[in-house]
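Student: The structure is given below, and queries will be raised subsequently.
No lab work stands behind these numbers, since they all come straight from the coordinates. A quick note: this is a predicted structure, and the numbers were derived from the prediction, not measured. Cβ placement follows ideal geometry from the backbone for every residue including glycine, while neighbour counts extend to all protein chains displayed.
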Amino acid sequence: MKVKLFYDQNNRNTNIVTSRLHNLLLVILITVSTFSGFAQIEVKWMKELPADILWQEVTTLGNLIVSSDNQLVGIDTETGEIRWSKPEHAGLDREAFNELPNSPFFKVDASNSIHLIDQLSGDEVFNSYQAGINTIEDYFLLYNSDAILVAGEDIGGDPLMVSVKMSEGSVSWTMKEKFGRIIAANELDNNELLIITLFNNYKLNASTGKVIWKEVNSAESAQTDKLGEFGALLKSAAETLTKDMEIDLRFYRPAGSDIFYLGSLQESQSSMTSSGGEPVVNYTNVYNAFSIHDGSMVWNEALEVQGQLGQVAFLDNGILVLPNDGNRTKINLYDYKTHAGIWGKKGRGIAIKGGIYDYLEAEDGILLVSQTANNNYLNYLDPSSGTITFEKPVKVEGKVIGIVPLSSGILYVTTESMNILDQASGTLKWSKSITTTPQLTAEYDGKIYAFDSKSSTLKVVDMISETVDELSTTELRFEGREVPRKLEVMDDGIFIHSDQNVAKFNFDGSLLFQAYYPAPREPGWKRALLYAEAVRGAYIGASSYYMSGAMAAVEDEVRQEDAIAGEMVRQIGDAYGELGAQASHYASSAFKQANARLKATSSTREFMLIMSKQDKDIQLLKVSKSNGQVEGKIDLGKDREPIYAVDDVTGQVYYCTGNRALTSYMVK
């Protein structure tokens, strides 16, 4: 380990320098003297499985799933005992296992069937073979209805929809209606389902599958139906062409409204070409409104808005559509009954710089966040008058990730910077933005602390006065070509770290310690630690508005290492909210698990885990955030292809020691 010493050479207060020097030298002496004598981290339990272990995974709800040569098992994380076993899934490849977002289930892709299994109990809640489905096109988890809705084809190739009772795994009803491709399924009140397909909308009785009404969802679909067999042929061709396409169709239903809305995206090639010679693609938002009672179309024709699908807000006096049409973007408010445009000349809307990708409703207006090909902008909308209040858009560095309303301004954090917008004047309050990222900022006791990557120093923002000050004068430089990745404010200072470096500043800006632990060169070590840290961060983000911006950055980082893991991190916050609103036993059980894990993240963790290499052996180190010292280790030897998993919420590490032995270490 390396400990580096910094102090301000220009500081002429000898007593302060001497005091800092003394404290840092003391840290060095303590760290060096104890580095070689730290203890092995406590073993919580050991379990010998009857066959070789292939892989293991800690789910976002904290359940441990292990695949071996002779079974797939769920392990009790407290005792190490096998909670449930699935011999039929022996030798399961990791690629065939997928945790389902927003649910307590995982999916197993077998050779000729798909299975959905409850990760806590091991109960199989769906088996495609037993349900009579040979090919699955779509499936939807409907918690309030205690159902899993699956659409596909039977063995004969005919369309089949099946509703399976989630709590029993039994088929409630089947339907051989030619639904076509299902885009969305939404649970309504009164035990009813709204099914959105490519060409039609359906309302069904959730218990019996009886069709209450079926209506076309566009004027084009209605015209196609009039063509008889030829129209059916055209629909079949369209279904085939779009089978593997991602369709961006969005469902909206304002609270308490009897009307629901569908927004979709249409693409068309222009006769014009880009500078690179490629055909220019034009995008159109298409919105339709329907009665929830009988499915009839409210408008005679669809509302079409130029640009890609963006944001939609339902205001008292109309529908606010905020599209993304690059430099040609126009925003508008549309009448609920007629969808006529209200703002701008002849109701054609208000031009705005760049395409909109986010917005924030404030007390006296709406902050609009937009981007062009190269820049990002802020604008302010007065919805009562339909006017942009800024003389010109405010240009910001980086893509806006987080927005925080303050008493007289709006603080924003982008992928590159932080500043405060004065929405009254349309100017930035600081002449120079802080060069930072969401993960390098944190709120504590009415202040926001940020690491400025440009100056390599700490800044502090007073959320009341909305001013920014230098906190440290010491530049922080990390070893091993690393840069600071995350900042965390603790009761006794500001802790900053990367994967292999740690440092801490006092609240007066003095550097308390800095340490570096060399990384192992072998691949395969980083993913589990990064994913575990991100899952912990996602639970924190679920209860902290300010931290949600940092989680968006974490998601991107995890996604670079593992696309599936990144997707899981993205949906933890959504899952927490959705599960809490559901009524079924499974949703309730999952919510309790998520809630317990959320509470476990409410207090600051006093250590971090760092994978390092010491004397040619790989070790997982428990490093104190209080002093940067190593407090314990897990010796992993010279394992080049480790089978391990980390739960950064509970502090447990699961490591396959040998071919069949699984050991749990409790880091606390």
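Student: For segment 351-404, which trypsin sites (Lys or Arg not before Pro) are both in a DSSP coil and crowded by at most 15 other Cβ atoms within 10 Å?
Tutor: LYS399
Student: Now for a separate question. Could you work out how much longer the chain between ARG660 and THR427 gets when fully extended? Use 0.36 nm per residue separation minus the Cα distance between them, nm to one decimal.
Tutor: 77.6 nm is the gain from fully extending ARG660 to THR427.
Student: Relative contact order of segment 340-427: what whole-number percent is it, with Cα pairs under 8 angstrom and at least 6 residues apart?
Tutor: Once divided by the residue count of segment 340-427, the mean separation gives 18 percent.
Student: Mind checking which aspartates and glutamates have their C-alpha under 14 Å from LYS226, skipping anything on the same chain fewer than 8 residues away?
Tutor: Straight-distance partners of LYS226: GLU215.
Student: If you don't mind, another one. May I ask you to order 450-461, 81-92 by the average number of other C-beta atoms within 10 Å around their residues, highest value first?
Tutor: Taking the mean over residues of other Cβ atoms within 10 Å, the ranking is 450-461, 81-92.
Student: Could you order the peptides 211-218, 108-115 from most to least packed, using the average number of other C-beta atoms within 10 Å per residue?
Tutor: The densest-packed peptide leads the list: 211-218, 108-115.
Student: Place a point 7 Å from the Cα of GLU606 along the Cα-to-Cβ direction; which residues of segment 473-497 have their backbone N under 20 Å from it?
Tutor: Under cut-off, by backbone N: 488-497.
Student: Still on this model: Rounded, prolate or oblate: which fits segment 68-220 when a ≥ b ≥ c are the square roots of the eigenvalues of the alpha-carbon gyration tensor, with rounded for a/c under 1.5 and prolate only if a/b beats b/c?
Tutor: Note, shape of segment 68-220 comes out prolate.
Student: Under 8 Å for C-alpha pairs, at least 6 residues apart: give me the relative contact order for segment 454-524, rounded to a whole percent.
Tutor: Once normalised by length, the contact order is 21 percent.
Student: GluC sites (Glu not before Pro) within segment 415-493: which are DSSP loop residues with at most 14 other Cβ atoms inside 10 Å?
Tutor: GLU475
Student: Another one. So if I place +1 on the C-beta of Lys and Arg and -1 on the C-beta of Asp and Glu, and nothing else carries charge, what would the dipole magnitude of segment 329-459 be about its Cα centre? I want it in debye, nearest 20.
Tutor: 580 debye
Student: A follow-up question, please. What full-extension length gain, to one decimal in nm, is calculated for ARG250 and VAL298 as 0.36 nm per residue of separation minus the Cα-Cα distance?
Tutor: 15.6 nm
Student: Using alpha-carbon positions, what is the distance between the centroids of segment 386-409 and segment 171-223, in Å?
Tutor: Value for the Cα centre distance between the two parts: 42 Å.
Student: Another question, then. Mind checking the full-extension length gain between THR338 and SER111? Use 0.36 nm per residue of separation minus the Cα-Cα distance, one decimal, nm.
Tutor: Between THR338 and SER111, full extension yields an extra 76.5 nm.
Student: Please give the net charge around MET418, taking every other residue with its beta carbon less than 10 angstrom from that of MET418, where Lys and Arg add +1 and Asp and Glu add -1.
Tutor: So the surrounding residues net to -2.
Student: Sticking with this structure for a sec: Within 10 Å of each candidate Cβ there may be at most 16 other Cβ atoms; applying that plus a DSSP loop requirement, which trypsin sites (Lys or Arg not before Pro) in segment 263-342 survive?
Tutor: LYS337
Student: Related question: Rounding to the nearest 20 debye, state how big the charge dipole of segment 68-220 is about its Cα centre with +1 on each Lys and Arg Cβ and -1 on each Asp and Glu Cβ.
Tutor: 500 debye
Student: Taking 51 Å as R0, compute the FRET efficiency from the Cβ-Cβ separation of PHE230 and GLU95 and round it to 0.05.
Tutor: 0.75
Student: Next up: Say each of SER85 and ARG521 gets a label point 7 Å from the Cα, pointing the same way as Cα to Cβ; how far apart are those two points in nm?
Tutor: 4.3 nm
Student: HN-Hα J couplings of segment 47-59 from phi, Karplus 6.51/-1.76/1.60, θ = phi - 60°, integer Hz, Gly and Pro as x?
Tutor: 9, 9, 8, x, 9, 5, 7, 9, 6, 9, 8, 9, 6
Student: Which value in nm describes the separation of the simple spin-label points at ASP382 and ASN506, placed 7 Å from the Cα toward the beta carbon?
Tutor: 5.1 nm
Student: Through the Karplus equation 6.51 cos²θ - 1.76 cosθ + 1.60, θ set to phi - 60°, convert the phi angles of segment 467-478 into ³J(HN,Hα) values in whole Hz; use x for Gly and Pro.
Tutor: 3J(HN,Hα) across segment 467-478, in whole Hz: 9, 10, 9, 6, 9, 10, 10, 8, 6, 9, 10, 8.
Student: Please list, in chain and number order, the residues 5+ apart from GLY349 or on another chain whose amide H is under 5 Å from its amide H, with Hs placed from the backbone.
Tutor: TRP343, GLY344
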